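Bear in mind that the values in this text are calculations on the coordinates, not laboratory data. Because the structure is a prediction, the values reported are computed rather than measured. So basically every Cβ, Gly included, is an ideal-geometry build from the backbone, and we count neighbours across all protein chains shown.
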């Protein structure tokens, strides 16, 4: 089952999309106003039952998609988590995961533009799988980690490469406004019996740039969840972005960066296709 966040008639809402029809759940399940709130009160099953008994009537053509979780408390990202990407960046595999963070303001959504900032022409694609968490808390054991996943989605963790290289810290290159695209929807974890069987692919203007199996993750998802939980508690709606495969633009010869008018897609089997165009930032006075 697929859950989405969206804007309809200038109001932020969330719901379930099935057979290309949206059931609006906003305020219908224990007064939850967002998908994050629904996860927090553990009412996913109630939402499924509501949608079954109250089929929706909103067309996707009537909405603007929002990031799956528009307001996560934290977005934890993982770097260098596929061996081909480690190799192409001339790095070595680390003993522990490479962790950095995004802020909610850096996100955009399915069919909305990814924004190329005015200060750079080095906007690179990074197709990744996103994991949406429940109220898991701290010190989660690896063997228990999958129990705390609510669902999966696609993420384009677009990076401003020259700003990423300003210092050893990744943060500035990863947090430009409207560069991290998240969507189109959340597929429930119960509908993905084995995430390692999934394939992720990134396409730029129809050309395949990245392709890998989720089984190729160096640090798999339970390890990542457990590792992060030693430092900070997983809360409802938190997002884990699991790393990008080899094939990124800045390591190609010549480098390939996204430019205005381009279309970029991230597809994960059994989850969906996240699609965005690229537009230049417009500075308003």
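Each of 88, 143 has some number of other Cβ atoms within 10 Å of its Cβ, and from fewest to most they run 143, 88. Its Cα gyration tensor gives segment 2-65 an equivalent ellipsoid, and the semi-axes of that ellipsoid, as √(5λ) in whole Å with the largest first, are 18, 14, 9.
Reported to the nearest whole Å, the Cα centre-to-centre distance from segment 252-285 to segment 119-161 is 18.
DSSP bridge analysis restricted to the chain gives an antiparallel fraction near 85%, rounded to the nearest 5. Normalised by the number of residues in segment 75-280, the average gap of Cα pairs under 8 Å and 6 or more apart makes the relative contact order 35 percent.
Sorting 85, 166 by the number of Cβ atoms found within 10 Å of their own Cβ, with the fewest placed first, yields 166, 85. Summarise the long-distance tail of P(r) for the chain by giving the % of C-alpha pairs beyond 24 Å. In whole percent, the share of Cα-Cα pairs in the chain beyond 24 Å is 47. Annotation: the residues 187, 266, 273, sorted from fewest to most other C-beta atoms within 10 Å of their own C-beta, follow the order 273, 187, 266.
For the peptides 43-53, 250-260, residues were scored by their other Cβ atoms within 10 Å and the scores averaged per peptide; the highest-first order is 43-53, 250-260.
Rounded is the label for segment 65-214, because a/c, from the alpha-carbon gyration tensor with a ≥ b ≥ c as root eigenvalues, stays below 1.5.
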